[in-house]
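Here's the structure, in structure tokens; my notes come after.
Read the figures in this text as sums done on the coordinates, not as results from a lab. If you're wondering where the values come from, they're calculated on a predicted model, not measured in any experiment. Note that we place each Cβ from the backbone using ideal geometry, even for glycine, and neighbour counts take in every protein chain shown.
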Amino acid sequence: MKTPSLQQKLIRPLPLAIRVHSSYSLWHKYIVSFLLLLASAPIVSAQTSNTQERLENAATLIRENRIAEAEQQLNSILRIAPNEAVALNLLGTVRAQQGRLNEAENLLTRAIHVDPKFVPAHMNLAFLYMLKHAPEKTILELKEVINLEPGNAEANYKLARLLLSQGQIDEAINTIEKAKAEQPSFVALLPLLGEAYLRKSNAEKAEENYLLALAAQKDNADAILGLARVSQMRGDTKTALGYLSRARELAGDSPDLLYKLGVAALGLGVYDEAQSVLEQAVKLKPDEPAYFIALGATWLKKADVFTAEQAFRRALKLQPDNAQGQMYLGYVLYKQKKFGEAKGYFEKTIKTDSSVPESFYYLGLIVQEENEDERAIELFEKAVKMSPLFANAHVALGASYLKLKDYVRAQKELELGAKLNPDDSKAHYQLALLYARLKDQKRVQAEMQIIEKLKALNQSQKGQSDTFVITPATPNPR
Amino acid sequence: MSFISKTVYAAFQLGLILSLMVLNLPSISSAQEAPKKANVTFEEVPAKKSGIIWVHNNAHSTNRYLPETVGAGGAFFDYDNDGWMDIYLVNSGPSDFYTPTTPLKNALYHNNHDGTFSDVTDKAGVAGGTFGMGVAAADYDGDRWADLYITSYGRNILYHNNGNGTFTDVTDKAGVAAPGWSTCAVWFDYDNDGKLDLFVSSFVVYEKSLNILCTDETLSRRYYCVPRLFKPRSSLLFHNDGNGKFTDVSKESGIADSPGKSFGAVATDVNNDGLMDLFVANDTLPNFLFINKGDGKFEEVGLAAGVAFSDAGKPRSGMGVDAADYDGDGWQDLFVANIDREFFSLYHNQKDLIFTDEPDEIGTATQMLSGWGLRFFDYDNDSDPDLFLVNGHPDDFIEMRTTRVRYKEPLLMFENTGQTFRNVSAQSGIVFSKEFSGRGMAVGDFDNDGDLDVLISNNGEPPLLLRNEGGNRNNWLGLQLVTTKSNPAAVGAVITWQAGGVKRGRLKTAGGSYLSSHDPREILGIGSATKIDNVEIRWPSGKVDKLANPPINSYIKVIEGEGVSRGGGRPAN
């Protein structure tokens, strides 16, 4: 038997206002607190009223941050009933809060083993995997939740965002379309669907969903910012700026909205606007690393590596293990030829999250500068293995082979790099160097002509002063 | 990233390789003594003390004519053969866009041997009268008196030294007027015929009517245009015919095949074949590396050598250049200074006509600077070449457009640590905390105390004379090379010396820096060693002179084929 009163007290409605910033610290806090919410999940009927009371008490203690007492209470329950799923789930949240993630995983897995249909434990495990930077496992758990509760809005939303962030666009669209069918009133899904279609360059479908979101919520900032991007995609900068302006009105003093607006402005290439709103966001909420990262990315786009460096350093002061911050800081230091320090940050980034090919790429560039050619090749090869379409990494790999006089491999990699990104003048320059060394003047001339054309093109496209290959401050799934 | 500059190159097939001339200069032996730290500083010699009251007039105007911002240069040279370095300074002058309100003059300052100088310009007859850019001093006719070649926006001037304190303008007779816009000039012997030929860097096609309106919306006033907007011109090579006349061989030598926007130029031998090559910096175009093929022809290989472009394949704003074997591996390395955000490049010679850009600490220090005059020289006499950089942004409005770049910029001093350079500017004197609109820079021992001093030409400002204080705490030997068969400047001579277990080699290059000309003597630093075991001079003619147990801490005169000149020593001042 469920205990409705207890459920009502302990299970609050899921928050629908989804935060988009990627702050690990806040994200961590958020997940842990979410784990706590779910910790007080339905208590199964087999429990005695005494156990129910003790579990309720433990949940209250956790909520009040009286962790030691809660732990004591839960351990005493588990001594008597080692397979008590709710207790295992609660203790799992305690361990997660204590940062003992492996123990937390063990407890939550045990809870699920005892009760495979225990949704809160699955949800908690999904969050735990997020904390452990294991997106594939998170996806599996969220799918399990949706399998058990097809209408679970939060699980659907988070799964869709995660799939999007992993580049699994079609699956994200399927997930959202299904969730829409289950819960047509869940407006938060619509901008997400718009985002997914935008990523597929389907401006019509994106617009359709953003407009639906606006129809349901006329002040939906995500939808307005999405419409700005749709306009930009269509080359209609004026309309895009109009949407930005509307979003700005809505943003008011909301740091989250200002941040979203800043990221959108950055994406639209309106760097002064991005700088202005992000500085406002930072002022309103100076403890949010993601804001500093986005601000730093804006300075990078404005070709001011020094101010960018300061912003990234602020982000890392707030959250030293922020992989994105480490990578950005590494990048600006690399740009300033401060190779020693840059190297340290890329190595840290890889340690924190070894799934980002760009970290290997930039570390490769640095060791290449230090004449460690073999290691550079290893790192570039890793990057292209992780991301076979990573044009810059192919070019860098080709350049390394060129340096080692392995002209056959050099040519293969450089030509592939140039094919993947025909607008990359570095690829063409390296090819020109290769052909010059092979005494093939005709091909040298051809490559130099391409470089000249690209130069003319770049001169006509102002504002693209930086070519960092990482997209700025990508919102993490929540 | 710099994989471009670190790439390799298929072995370059030289038609003529003079095996006798292959110079694998010795590097530091493992048994070397640690060189004594000299704690060198450069101290400003004020005009009041030196007597150099001349000020550069840059003809600054609201129309922002480009020649206004790129000048000028200066020289250390001994015009009266008294053994003391005199100073020559180049000024602007009348042109199609500028009429001075009062006559402008270049200046020749006679060294009074006591730290002061006297203006002898009018007496010597070297006032110029063109819109001057740079100067190259050398004895082009082998009469043992140093002559002067002045480059200009307009007509260049060749002043022949009459040997009596006066000069004669022989430009037309010599055929080296080279109208247009010339910047740097280099005296060197490209065909090893014992006579000094002349390379003249040409900048853009320019005249008053071509002055484009360069402005921006926020300032609503003109600034100096980027040279990208002007057409390139070919540089010039003049062959010295030996009768006071020169023949323009730009076309037949291949130099004219590469139109550029050239500033700095240095003659050096990058492939150790005994023939002097040319490295030329271009502004907004790829730099040139002209390889001397030995048959009167040059081949431009900058791209394949990896010295033409930035790592991203973009041409940069090359200005000052120099060459030296900074790591003692026997191969000439190259340096080029660029404009802010482009980074300066230290090109390490990989020995197969391929260079890798390895600026290390110089890269971070120069990121936001624009470099002009620069020179590799051994400022502390520890035997290896250090590096002095003179900087300044060409646009006097730059600070209105960015907060990161300044119009006047600091000087920089880098000490050679063996394989790379360390920024020692902060410890090298108060002058390094100041900012200048620096352009030309010449190196010379004006006080004959055995360490190299520095002369800097500032755009629109007084020049800066810096006395080296402390370089001579380490021991040294000064050489004045006097040729009998080789070219009078001994350009291309290779000097090797051994002292205190350290073996060093130095190629006598020509040109280098920006618009400027250096003391022709060579100071060989020996650190704390108290004796020089031997000195060998391999002259461009192929002759070799060996000096055993030469004196230290003094200048000696070495005559080609004869060794040390009797009574040629000059004690340290």
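If you filter the range B:245-300 for trypsin sites (Lys or Arg not before Pro), then keep DSSP loop positions with at most 15 other Cβ within 10 Å, what is left?
B:Lys245
Along the charge dipole of chain A, Cβ charges K/R +1 and D/E -1, which of A:Leu189, A:Gly151, A:Trp299 sits furthest on the positive end?
Value computed over the given set: A:Trp299.
Kirkwood hydrodynamic radius of chain B from all distinct Cα pairs, in Å? Each step should come with its number before you reach the end.
Values: mean 1/r = 0.0431 Å⁻¹.
For chain B, inverting the mean 1/r across all distinct Cα pairs yields 23.2 Å.
Only counting other Cβ atoms within 10 Å, I'd like B:Ser182, B:Ser486, B:Ser565, B:Ser310 sorted with the fewest neighbours first.
On the way: B:Ser182 30, B:Ser486 25, B:Ser565 13, B:Ser310 19.
Final ranking by Cβ density, sparse to dense: B:Ser565, B:Ser310, B:Ser486, B:Ser182.
Once both axes come from the Cα atoms, what is the angle between helix A:153-165 and the longest principal axis of chain A, in degrees from 0 to 90, rounded to 10?
Value to nearest ten degrees: 20.
What ranking do A:187-194, B:556-563 get when scored by the average of other Cβ atoms within 10 Å per residue, highest first?
Working: A:187-194: 24.4, B:556-563: 18.0.
Highest mean packing first, the order is A:187-194, B:556-563.
Using the 4.7 Å Cβ rule, please list in number order the cysteines from the protein assembly as shown without any candidate partner.
So far as the 4.7 Å Cβ criterion goes, B:Cys184 stand without a partner in the protein assembly as shown.
Restricting attention to the range A:312-414, which trypsin sites (Lys or Arg not before Pro) occupy a DSSP loop and are surrounded by at most 16 other Cβ atoms within 10 Å? Please list the in-between numbers first.
Numbers: sites: A:Arg313, A:Arg314, A:Lys317, A:Lys335, A:Lys337, A:Lys338, A:Lys343, A:Lys348, A:Lys351, A:Arg375, A:Lys382, A:Lys385, A:Lys403, A:Lys405, A:Arg409, A:Lys412; in loops: A:Lys337, A:Lys338, A:Lys405.
Answer by residue number: A:Lys405.
Mind checking the angle between helix A:323-335 and chain A's longest principal axis? C-alpha axes, 0 to 90 degrees, to the nearest 10.
Helix A:323-335 sits roughly 20 degrees off the main axis of chain A.
At a Förster distance of 45 Å, what's the computed FRET efficiency of B:Asn81 paired with A:Ser355, Cβ-Cβ distance as r, to 0.05? Before the final figure, lay out each step's value.
Details: r = 73 Å, r/R0 = 1.63.
The computed FRET efficiency comes out at 0.05.
Convex hull over the Cα atoms of the range A:178-220, averaged projected area in nm²? Working shown, then result.
Details: hull surface 10.9 nm².
Mean projected area for the range A:178-220: 2.7 nm², to one decimal.
Neighbouring Cβ atoms within 10 Å as the yardstick, rank B:Ser513, A:Ser354 fewest first.
Listed from fewest to most nearby Cβ atoms, that is A:Ser354, B:Ser513.
Quick check on the protein assembly as shown: of the DSSP beta bridges with both residues there, what percent are antiparallel, nearest 5%?
Working: 112 of 118 bridges.
Just about 95 percent of them are antiparallel.
Compute the relative contact order of chain B as a whole-number percentage, counting only Cα pairs closer than 8 Å that sit 6 or more residues apart in sequence. Mind showing how you got there, number by number?
Numbers: 1781 pairs, mean separation 97.8, N = 573.
In percent, rounded to a whole number, it is 17.
In debye, nearest 20, what is the charge dipole magnitude of chain A about its Cα centre with +1 on Lys and Arg Cβ and -1 on Asp and Glu Cβ, if you could check? Don't jump to the answer; show the numbers that get you there.
Numbers: 60 positive and 56 negative charges, 95 e Å.
Here chain A has a charge dipole of around 460 debye.
What size of dipole, in debye to the nearest 20, comes out for the protein assembly as shown about its Cα centre when the only charges are +1 on Lys and Arg C-beta atoms and -1 on Asp and Glu C-beta atoms?
Details: 110 positive and 130 negative charges, 674 e Å.
With Lys and Arg at +1 and Asp and Glu at -1, about 3240 debye.
List the lysines whose Cα sits under 24 Å from the Cα of A:Lys419, skipping any in the same chain fewer than 8 residues away.
Correct list for A:Lys419: A:Lys200, A:Lys382, A:Lys385, A:Lys403, A:Lys405, A:Lys439, A:Lys442, A:Lys453, A:Lys455, B:Lys6, B:Lys314.
Going through the range A:125-231, which trypsin sites (Lys or Arg not before Pro) have at most 16 other Cβ atoms within 10 Å and a DSSP loop state?
Details: sites: A:Lys132, A:Lys137, A:Lys143, A:Lys158, A:Arg161, A:Lys178, A:Lys180, A:Arg199, A:Lys200, A:Lys205, A:Lys218, A:Arg229; in loops: A:Lys132, A:Lys200, A:Lys218.
When the trypsin sites (Lys or Arg not before Pro) of the range A:125-231 are filtered for loop state and at most 16 Cβ neighbours within 10 Å, A:Lys132, A:Lys200, A:Lys218 remain.
With everything on Cα atoms, drop me the angle between helix A:407-420 and the longest principal axis of chain A, reported from 0 to 90° to the nearest 10.
Rounded to the nearest ten degrees, it is 60.
Listed here are the pairs A:Lys218/A:Lys260; B:Lys231/B:Lys261; B:Lys105/B:Lys508; which of them are more than 20 Å apart at the Cα? Present the calculation step by step, with values, prior to reporting the outcome.
Numbers: A:Lys218/A:Lys260 17 Å; B:Lys231/B:Lys261 8 Å; B:Lys105/B:Lys508 31 Å.
Exceeds cut-off: B:Lys105/B:Lys508.
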